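Below: the structure, in structure tokens.
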Amino acid sequence: MSTFPRTIGRPLDSESARVRAQQISALTDPVNLRLLSLIAATPESQRSPNWLAEALSVPGAEVNRAFTDLTTAGLLTKDLRDQYQLTADAWVRFGRLLASSGAGETERSEVTAPIHARAVPPVFSRIVDDLSYRFSSTFSRETVARYVTESYSLLADRAHIVRFLPSLTAKFATDRLSALATAGGLVLRGTPEVLFVCVQNAGRSQMAAAILRQLAGDAVHVRTAGSAPASAVHPVVVEALDEIGVPLATEFPKPLTEEVVQAADYVITMGCGDACPIYPGRRYMDWVLEDPGNKSLAEVRVMRDEISARVHALLADMGPTNQPAIR
């Protein structure tokens, strides 16, 4: 009877080996590897095909071929803004290949730092350290650094949030990494995942999420996002919820990202059109509700009560127990 040595971790199965071999094969092409490295090191706003071709000193047709090769291999993907981004596989498995080495001590220290670490203010290295520790059993430091950097950019550039940006970035990156772990089956939750999406993520989706959290507690995991997030939650919404004892003051508008949709069991949209991508296995619902922006407190109270009724119906549909009443 043959015996096998003890292994650390699990060996690749046939499908995993096929995918890994395809990825390695794609990276044996120098243009493919240089393009992936360039995308990793370049701000999103500069990643036009023409600029990439010029930076690589190769014809545009070669760049298009490389895009196809890397996408097919699962190393590049397009986000909701139709911009190419490295996938989690690219960062986790090949992140160390994507920075050039150098002889100088300063250059070596930059190489060993996570990709993108130089793209954010120094204070964010602490956030990367903390979240790398928190998600150490799930994601590499490179993946955590990428999500912290992207989250910082999304909040600072798109939502125009300037106050408390480090703490908001940490919270947003934590939520995204948690969603990524759930979507990838790396963390198994025993509770339903609900995502509320509206345009600004400043009114309707925030009210629905706050009421659901208050009703369900730990029985449901709730997230929110906006297709065009505002700079802050509408004060009148915070006031209307405070009247019924539902806290909202610490919440803030967040951009819609793919991993939060992929992690959701229920995706509830409110006036954001087709901004939310469709994935199989999720239940999609559209709640037709007015935007509370520029509404009076009396009008927002009516909207609040309608949303509360819809949330109660949603909970009844999901079937969790111990539903307290909000009146």
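The values are calculated or read from the model by the stated rules, or taken from the named source; none is laboratory data. Here the structure is a predicted model, which is why all the values come from computation and not from measurement. Because the Cβ atoms are built from the backbone with ideal geometry, glycine has one as well, and the counts that use them run over all protein chains shown. Areas reflect the complete protein model, heavy atoms only, side chains present, ligands, DNA and RNA absent. Shrake-Rupley method; radii C 1.70, N 1.55, O 1.52, S 1.80 Å.
Here are some notes:
- Of the Cα atoms belonging to the range 181-327, the radius of gyration and Dmax stand at 14.4, 45 Å.
- 22 Å Cα-Cα reach of K171 towards lysines, excluding residues that sit fewer than 8 places from it in its own chain: K254
- Estimated inter-spin distance, R189 and T71, nm [label 7 Å along Cα→Cβ]: 3.0
- Multiplying the residue separation of S14 and N50 by 0.36 nm and removing their Cα-Cα distance gives an extension gain of 9.1 nm.
- Backbone HN-Hα couplings from phi across the range 172-177 [Karplus 6.51/-1.76/1.60, Hz, Gly and Pro as x]: 5, 5, 4, 5, 5, 5
- Full-extension gain in nm, A316 to L97, via 0.36 nm per residue minus C-alpha separation: 73.8 nm
- Whole-number accessible area per residue in Å² for the range 129-253, which is evaluated in the context of all protein chains at 1.4 Å: 39
- Heavy atoms of S153 accessible to a 1.4 Å probe, total area in Å² rounded to 10: 40
- Spin-label model distance (nm) - D130 vs A61, 7 Å beyond Cα toward Cβ: 5.2
- Loop GluC sites (Glu not before Pro), the range 242-301 (other Cβ atoms within 10 Å of the site Cβ: 16 or fewer; DSSP): E243, E290
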